[in-house]
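Input: a single structure, listed below in structure tokens.
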Amino acid sequence: MLENIWHPSYSAAEYLGITEIKLSHLRENGFFKPGIHWKSSPLGQKKPWNPEVLYNSILCRKIIDEFYSEEKYDQYAA
């Protein structure tokens, strides 16, 4: 059976071990790509609406791991 890969921000942040603010920051600054790492969920919401953001926690984990490994590499290379 297939597992749902899309999770609300509170769930994704908990899984990733970061705050929802950090998660939002990564999305807003282009680390996470729309449709791949995150998407809007208009289900059950009426216009005008502020859609809930859903995250693909598995793909977000890969970006975060890559980002932090590059950051550590930059520290040692300097």
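Residue under question is Gly44, and the condition is that it be exposed (fewer than 15 other Cβ atoms within 10 Å of the Cβ), at pLDDT below 75 and of a type outside the set (A, V, I, L, M); does it hold? First the steps, then the outcome.
Details: exposed (fewer than 15 other Cβ atoms within 10 Å of the Cβ): yes; at pLDDT below 75: yes; of a type outside the set (A, V, I, L, M): yes.
Yes, satisfied.
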Could you list, in sequence order, all residues of the range 12-27 that are in contact with a helix residue (DSSP H, G or I) (Cβ under 8 Å, 6 or more places away or on another chain) and exposed (fewer than 14 other Cβ atoms within 10 Å of the Cβ)? Thr19, Lys22
Condition first: under 19 Å from Glu66 (Cβ atoms) and in contact with a strand residue (DSSP E or B) (Cβ under 6 Å, 6 or more places away or on another chain). Now tell me which residues in the range 1-24 satisfy that. Ile5, Ala12
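The values are calculated or read from the model by the stated rules, or taken from the named source; none is laboratory data. Keep in mind it's a predicted model, so treat the numbers as computed, not measured. All Cβ positions, glycine included, derive from the backbone under ideal geometry; neighbour counts span all protein chains shown.
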